[in-house]
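What follows is a short report on a single structure.
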Amino acid sequence: SKYGIVFPHKYLPGSLRLHTGEYGIIDITLPKKYDNGILTVSENYSIDDHLIRYSDFTMNSLVKNIQSNEIYDKYGGLEDIKNKKIALNPMQDSLDFNPIIILRAIRFSSKFNFIIDERTMTILERDKEIMFDVIPNNRLKFEMHKIFNEVTYSNSEFLLKAFGLYDRLVNIYNKDWD
């Protein structure tokens, strides 16, 4: 890739870790879906296309060419960061592609004190049950562990309760880790 060296991600199946040298490490979740709890990854993708099209939020769709330092911002991610707003990538109209997005939105909102925009809230609320149907409990626990260990946990707890997810996720989290 013109952005750096790509390796399989050690802890997240279906993800890559992009080592960009002086710009650090970027984790990339590949286009994938869960089919009866089994992860399948699309084989037809390019890193460039993925970074832009398959990012979950506009703020995560920014691409920087490390050779020219040019930033490509197709969906207004820089403006959303400036306005402290979490917005789903416009290519995302449901959580079918990556239902864990709901927990990421909650964590990022709390961690960075960002608001979740209205369109994103509507989609997250509408599709929240998909997460329980297709994401394995260990993956949910992994995300919840990150939420429970954030400095601003109380904000995350408020959002989890507002979405009606708190009790169910805490029960999953408290079960024995496989």
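Among the residues of segment 153-178, how many are open to solvent by 40 Å² or more (accessible area, probe 1.4 Å) and within 17 Å of PHE108 (Cα to Cα)?
8
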- Message: Out of the residues in segment 81-102 meeting the condition of being touching a Lys or Arg at 6+ places or on another chain (Cβ under 8 Å) and among the hydrophobic types (A, V, I, L, M, F, W, C), tell me which one is modelled with the lowest pLDDT.
- Response: PHE97
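In this structure, is PHE158 of a type outside the set (Gly, Ala, Ser) and in contact (Cβ under 8 Å) with a residue 24 or more places away in the chain?
Working: of a type outside the set (Gly, Ala, Ser): yes; in contact (Cβ under 8 Å) with a residue 24 or more places away in the chain: no.
Considered against the rule, which asks whether it is of a type outside the set (Gly, Ala, Ser) and in contact (Cβ under 8 Å) with a residue 24 or more places away in the chain, PHE158 comes out as no.
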- Message: Scan segment 121-137 and tell me whether some residue there is within 25 Å of TYR166 (Cβ to Cβ), modelled with pLDDT of 85 or more, open to solvent by less than 10 Å² (accessible area, probe 1.4 Å) and out of contact with any strand residue (DSSP E or B) (no Cβ under 8 Å at 6 or more places or on another chain).
- Response: yes
- Message: Cβ-Cβ distance below 8 Å, separation of 6 or more or different chains: which pairs start in segment 94-117 with a residue that is more than 16 Å from ARG139 (Cβ to Cβ) and end on one that is in a loop (DSSP other than H, G, I, E, B) and basic (Lys, Arg)?
- Response: PHE112/LYS84; ASN113/LYS84; PHE114/LYS84; ILE115/LYS84
- Task: Select from segment 138-147 the residues that are charged (D, E, K, R) and open to solvent by 10 Å² or more (accessible area, probe 1.4 Å) and list them in ascending order.
- Result: ARG139, LYS146
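The values are calculated or read from the model by the stated rules, or taken from the named source; none is laboratory data. Nothing here was measured: the structure is a model prediction, and the numbers come from that model. Backbone-built Cβ (ideal geometry, glycine too); neighbour counts: all protein chains shown. SASA here: full protein model, heavy atoms, side chains in, ligands and nucleic acids out. Shrake-Rupley method; radii C 1.70, N 1.55, O 1.52, S 1.80 Å.
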